[in-house]
Ligand code: NDP
């Protein structure tokens with residue numbers, strides 16, 4: 001069997017083009033201003049620069065006002081909190097996103113304090129306690145973009161969730177936990193695994209829907225997967241060691257050739273051999289990542305509508 005590829009890139013492009021862009025145009029003509037997204041970037045993390053560039057590009061592409069608010073690497077926690085407060089008060093910004101990770105120099109607990117400072121109605125990442133609490137209770141909320149995008153993908157690809165056994169590997173606040181809750185709200189039976197789970201492969205083999213959100217290249221091998229299961233690969237891992245790339249891709253594979261040209265390759269948590277066992281599989285790149293950005297756009301539009309009093 002070769003797994004059906006769940007093309008997140010194509011779906012994200014379609015959602016942005018056919019759903020978000022026309023709704024943004026309608027919002028703009030009705031309210032005399034576009035929805036506004038502010039992205040806060042502190043310091044110079046090369047990966048963050050790429051993520052932020054993509055988000056700004058998508059924001060501009062759908063017709064948002066999309067502003068980058070930069071602070072230098074030596075900014076203090078007070079500087080960051082002051083900027084968030086200013087954006088909370090801004091009339092033109094409906095969404096605020098603080099790009100992670102924040103510099104370690106801000107001190108322990110800084111990220112939590114910064115996220116907590118974002119006004120819940122502008123919290124388009126869905127990280128504030130108010131939005132997390134509402135999401136846990138299955139009430140209207142701005143919900144973390146990556147798990148929202150995964151639900152959107154499963155639903156639109158007509159993969160049944162209700163009554164199915166979903167296994168989520170990873171329990172982070174931004175992916176694993178909200179993912180498990182969103183699946184639960186759609187009536188899946190949910191198991192959450194983490195680094196202390198014994199015999200991970202055996203637990204995963206029970207999954208009809210397996211979500212890997214770990215951050216370890218190729219961790220999920222074919223022995224983890226029930227034949228025909230849907231496998232969603234959230235991981236984004238940059239492999240720079242030849243031995244790891246060679247373990248993931250057979251000799252002659254185009255991605256191994258690309259690794260040898262460039263010295264790195266972006267891979268997920270799911271070993272490519274899983275495509276021989278799974279029923280459906282998200283690729284990396286081109287799976288969950290683009291949907292995360294599309295959901296950020298969707299959340300910003302919802303936040304703008306709510307602030308403008310025109311419903312969510
Ligand atoms: P975290 O590091 O916050 O969490 C990783 C989770 O994986 C933890 O719960 C950890 O367990 C668990 N884990 C680690 N090692 C193992 C193991 N050997 N077996 C089982 N569980 C393990 O990562 P994130 O949730 O932030 O991100 C996960 C991955 O998803 C990363 O690769 C990240 O880059 C990617 N990502 C992709 C996005 C996208 O848009 N495509 C968006 C966000 C993240 P424990 O809690 O016990 O430590």
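Here are the numbers for this structure:
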{"item": "Identity of the residue in the stretch 159-179, more than 16 Å from residue 231 (Cβ to Cβ) and under 18 Å from the mean Cα position of the chain (by Cα), that ends up surrounded by the fewest Cβ atoms within 10 Å (Cβ to Cβ)", "result": "173"}
{"item": "Subset tally (residues that are surrounded by fewer than 16 Cβ atoms within 10 Å (Cβ to Cβ) and over 24 Å from residue 267 (Cβ atoms)) for the stretch 186-198", "result": "4"}
{"item": "Criterion: closer than 15 Å to residue 6 by Cβ and either surrounded by fewer than 21 Cβ atoms within 10 Å (Cβ to Cβ) or touching a strand residue (DSSP E or B) at 6+ places or on another chain (Cβ under 6 Å) (or both) - qualifying residue of 252, 263, 268, 289", "result": "268"}
{"item": "Residue list for the stretch 23-47, filter: on the phi < 0 side of the Ramachandran plot, modelled with pLDDT of 95 or more and touching a strand residue (DSSP E or B) at 6+ places or on another chain (Cβ under 9 Å)", "result": "33, 34, 35, 36, 37, 38, 39, 40, 41, 42"}
{"item": "Single residue of the stretch 163-178 satisfying the filter (within 9 Å of the ligand (Cβ to nearest atom) and in contact with a helix residue (DSSP H, G or I) (Cβ under 6 Å, 6 or more places away or on another chain)) that is nearest to residue 143 (Cα to Cα)", "result": "175"}
{"item": "Considering residues of the stretch 228-243 that are assigned to a loop (DSSP other than H, G, I, E, B) and within 14 Å of the ligand (Cβ to nearest atom) only, the residue surrounded by the most Cβ atoms within 10 Å (Cβ to Cβ)", "result": "234"}
{"item": "Residue in the stretch 57-64 that is within 18 Å of the chain's Cα centre (by Cα) and surrounded by 13 or more Cβ atoms within 10 Å (Cβ to Cβ) present", "result": "yes"}
{"item": "Any pair with Cβ under 6 angstrom, 6 or more apart, that starts in the stretch 57-73 at a residue that is part of a strand (DSSP E or B) and ends at one that is surrounded by fewer than 16 Cβ atoms within 10 Å (Cβ to Cβ)", "result": "66/60; 71/79"}
{"item": "Positions within the stretch 15-33 being without any contact (Cβ under 8 Å) to a residue 40 or more places away in the chain and more than 21 Å from residue 290 (Cβ to Cβ), in sequence order", "result": "25, 26, 28, 29, 32"}
{"item": "Members of the stretch 1-53 found to be assigned to a strand (DSSP E or B) and buried (at least 16 other Cβ atoms within 10 Å of the Cβ), listed by number", "result": "36, 37, 38, 39, 40, 41, 42"}
{"item": "Any chance residue 220 is touching a residue at least 40 places away in the same chain (Cβ under 8 Å) and within 13 Å of the ligand (Cβ to nearest atom)", "result": "yes"}
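The values are calculated or read from the model by the stated rules, or taken from the named source; none is laboratory data. It should be emphasised that the depicted structure is a prediction, and the values quoted were computed from it without experimental measurement. Because the Cβ atoms are built from the backbone with ideal geometry, glycine has one as well, and the counts that use them run over all protein chains shown.
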